[in-house]
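Derivation of every value follows stated rules applied to the coordinates shown; laboratory data play no part. Every value quoted in this text rests on a predicted model; they were computed, and no experiment measured them. Glycine also receives a Cβ, built like all others from the backbone with ideal geometry; neighbour counts cover every protein chain displayed.
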Amino acid sequence: MKIDELDLHHKIKQILKEKGYSTLYPPQEEAVKKGLLKGRNLVVSAPTASGKTLIAELAMLKKAYEERGKVLYLTPLRALAYEKYDEFKLYERLGLKVGLTTGDYDSSDPWLSEYDIIVTTNEKADSLVRHRAPWLKDIKLVVADEIHLISNVDRGPTLEMFIARLFSEDRDIQILALSATIKNAGDIASWLNGTLVKSNWRPVPLKEGVFYDKVIYFNDGSVKDIHGREPPVVSLTLDTLKEGGQVLIFSNTRLNAMATAKRIEYFMREILSRSDKRDLREISKNVLSVEPNRIGKMLARLIEGGAAFHHAGLSYGARRILEKAFRENIVKVIVATPTLAAGVNLPARRVIISSYRRYNVELGYYDLIPVLEYKQMAGRAGRPKYDKYGESVLIAKTMDEFDMLMNEYVKAEPEAIVSKLSVEKALRSHILATVAMNVSISKAKLADIFSHTFFSYQFGINNIMLNMKRSLTFLIEHDMVLSEDSILKATPLGIRVSQLYIDPYSAVIIRDMLKSVNPGDIISYLFSISQTPDMPKLYVRRGEREKYLKFFYSHADRINVALPQDEYDEYIIASFMKTSLLIMDWINELPEDAIIEKYNVGSGDIYNITQSAEWLLYASLELSKTLGYIEHIIPLSTLRTRVKYGVKEELLELVKIPGIGRVRARMLYRYGFKTLDDLRKASLNDLRSVPLIGPEIAKSIKNFLEGGKEENLLTLPDRITLDTYL
């Protein structure tokens, strides 16, 4: 089927053809024939690179451009949301407005009422429902990308409940679910009252194999000899590079990813051309400009040699530059942690899975990765328009291991998707949200809403009701929900907790902290939010535990937590304390490089932890108002702003100026510019004399101050009064 044959406006067809589309792939054609453009609910289960995004675009353009309905595109990851937003911006040429929202869970984002296509994450979409964003009633199509992640214990229940609420409202909304190839895609289609489009077709055929004793044995019966004395991962990489391909290697840890990239870079320099080296130097400089720390310097040096590593510890900017350079075939080799497999689209000639085991923190040992995860990684092999086929390769050291990998991964089917909504953490949050959104709701109506979940489809409503009873008891005991006969009512506390998008258990920890700690006790505030399930935790290495426990015991009389009873408790307490102290070092302006080295983290980790801390401090501030603990309002507001910018209190006025971060603000302060008035009185030459303040920055400071925009800044601590909040 050709683009010209589609039941779409000629302007849509024209822009699709300009993008290079002329003929539909088989899964795309099947989707159209099964009602994609007629409002039919569909589940598309197909391999990576089989054209699922275009299927979504066809439905989106039909709804948004021809039928003038809003479209919501859901992704599991922020990085994927940004990628899709960049892709869809092209359609603004049709007069459509494309928006992106991923942060601030305490807002209904009224500005989005003006937009036609809205890209967001599952969590943000859920928060918009909790805030009853008025424009949600105009949604006519929901695209749920990576819907197989319903089986993910952290992200799955949120997407599941979002869809269940749509069904319970009996609204006329088309749902298009996109998935990797999974065993029970038909179950998801039945749950969504939709039609299944299932295909194994790929534009570039995939050969899966296992490397053993210098030979790759592929699932199609072919073999390939790999010459070289280097370690297997190096030999496999060099073999592909010599044939003009690119390589994507998946490693199980960040340290292994960096070490593997170093090992490969050592062998690569001799095969790079002069033009390769020139282009790589430019990419190296770009990475260093956004990641000027020790990890960034290591990455930049490796990029110059032709290899790179990719993991969540890198800043978003560095990852974007690296991904773009790989797509443009400048960087030839990336060694990544598995988070990349479910994220951005980075195809390579050969994918090497260097490890199929992952450390399970809860169980305390290395466990086999799921087949679905392996298939996701393998699916990155094969570059459309460049390769005739793609290769994915596992590495075996023994014949027994070879047999296991061939049978348990290469020849195996992905596991069936199973709902994780019964996990108590998920249930207590979504029960509270459901009650709070309605203020009061009958138990029968609550049961009806949950009867539309995938869990209920798989296991029956009676099973989910048993689990709901425990979570509901927790919410009632902690004064977030009232039960009166057959009616459930959310308390003011419950409503605010739901709006703040935090786990109700986090709210209990914060409430207990507000009751017991002294106002302004920073370490107590930080330790309390570090205990919450919403806060990322730092891993405590074996030799670190005593150091952090010692610090904990020296402050135990001020911290609201029970003393550890066993070794496991000690490990958990040490993790909380390590996380707290990283934030403490951040707000005391310890340089980023020093934090990276001291805590064995990356800049991406620092951002993730401090961003989470800022949100939890904001939640603590809001709960202080709700519960009447007014003595905590000013210190929590001050601390939240310090965490946001990573500064001591004296710099809070300066860092509010756009372009002035913690380093430039400290430099200005050292040179005598301590307030906005000091800056207003200074000349451009005065400002240019300060290190790190160049002509453009100096000019932007003056323009900002002359415009009087400083009054729009967040209220500063020295001007805060309780009247601001009461």
Gain on full stretching of the segment that runs from Lys550 to Arg470 - 0.36 nm per residue minus C-alpha separation
25.1 nm
Per-residue ellipticity at 222 nm attributable to helices in the chain (runs of n ≥ 4 DSSP H, -39500 (n - 2.57) apiece, nearest 500 deg cm²/dmol) works out to -14000 deg cm²/dmol
The stretch 424-495: percent of C-alpha pairs farther apart than 16 Å?
41 percent
Rounded to the nearest Å, the spacing of the alpha-carbon centers of the stretch 4-73 and the stretch 250-307 is 39 Å
Among all the aspartates and glutamates, which ones have a C-alpha under 18 Å from Lys224's C-alpha, if same-chain residues fewer than 8 places away are not counted?
Glu208, Asp213, Asp239, Glu243, Asp387, Glu391, Asp403
Using a cut-off of 20 Å between alpha-carbon atoms, which aspartates and glutamates can reach Lys547, once sequence neighbours fewer than 8 places away in the same chain are excluded?
Asp557, Asp566, Glu567, Asp569, Glu570, Asp585, Glu597
Counting sequence-distant residues (5 or more places) and residues on other chains, those with an amide H built under 5 Å from that of Val481 are Ile476, Thr491
Restricting to Cα pairs under 8 Å and 6 or more apart, the percent relative contact order of the chain works out to 10 percent
At each listed q (0.09, 0.15 Å⁻¹), what is the log10 of I(q)/I(0) that the Debye formula gives for the stretch 220-379 modelled as equal alpha-carbon point scatterers?
-0.28, -0.78
Sorted on mean Cβ neighbours within 10 Å (highest first), peptides 45-54, 28-37, 164-173, 658-667 come out as 45-54, 28-37, 658-667, 164-173
If a/c stays under 1.5 just call it rounded; otherwise compare a/b with b/c (prolate if a/b is bigger, oblate if not). Do that for the stretch 198-271, with a ≥ b ≥ c from the square roots of the Cα gyration tensor eigenvalues.
prolate
Give the Cα extents of the stretch 609-679 along the principal axes, in whole Å, largest first.
43, 25, 17
In nm², the average projected area of the convex hull spanned by the Cα atoms of the stretch 507-613 is 6.6 nm²
Amide H to amide H, which residues 5 or more places from Ile352 or on other chains are under 5 Å from it, using H placed in the peptide plane?
Leu248, Ile249, Phe250, Val393
What's the local net charge at Asp145, with K and R +1, D and E -1, over the other residues with C-beta under 9 Å away?
+1
Could you tell me the calculated FRET efficiency between Ser689 and Tyr607, based on Cβ-Cβ distance and R0 = 25 angstrom, to the nearest 0.05?
0.20
Violating pairs (Cα-Cα greater than 20 angstrom) within the set Lys385/Lys411; Lys84/Lys297; Lys445/Lys469
Lys385/Lys411; Lys84/Lys297
Given a Förster radius of 56 Å and the C-beta distance between Leu368 and Ser700 as r, what FRET efficiency does 1/(1 + (r/R0)^6) yield to the nearest 0.05?
0.55
Quick one: work out Rg over Rh on the C-alpha atoms of the stretch 187-232, Rh as Kirkwood radius.
1.32
Cα→Cβ-extended label distance, 7 Å offset, between Tyr266 and Lys34, nm
5.0 nm
Calculated FRET efficiency, Asn600 and Ser222, Cβ-Cβ r, R0 35 Å, to nearest 0.05?
0.20
Calculate the translational D of the chain in whole µm² s⁻¹ from Stokes-Einstein, where the hydrodynamic radius comes from the Kirkwood formula applied to all Cα pairs, the temperature is 20 °C and the viscosity 1.002 mPa s.
77 µm²/s
Which value in Å is the Kirkwood Rh of the stretch 187-313 over different Cα pairs?
17.4 Å
Can you put Phe459, Phe250 in order of Cβ neighbours within 10 angstrom, beginning with the fewest?
Phe459, Phe250
Which listed pairs, of Lys70/Lys420; Lys13/Lys388; Lys38/Lys140; Lys38/Lys97, have C-alpha distances above 21 Å, in listed order
Lys70/Lys420; Lys13/Lys388; Lys38/Lys97
At 7 Å along Cα-to-Cβ for each site, give me the label-to-label distance between Asn518 and Glu650 in nm.
2.3 nm
Within 15 Å, Cβ to Cβ, of Asn462, how many net charges do the neighbouring residues add up to if Lys/Arg are +1 and Asp/Glu are -1?
+2
Neighbour-count order for Trp201, Trp586, fewest beta carbons within 10 angstrom listed first:
Trp201, Trp586
Once the Cα gyration tensor of the stretch 122-175 is diagonalised, semi-axes √(5λ) in Å
19, 13, 9
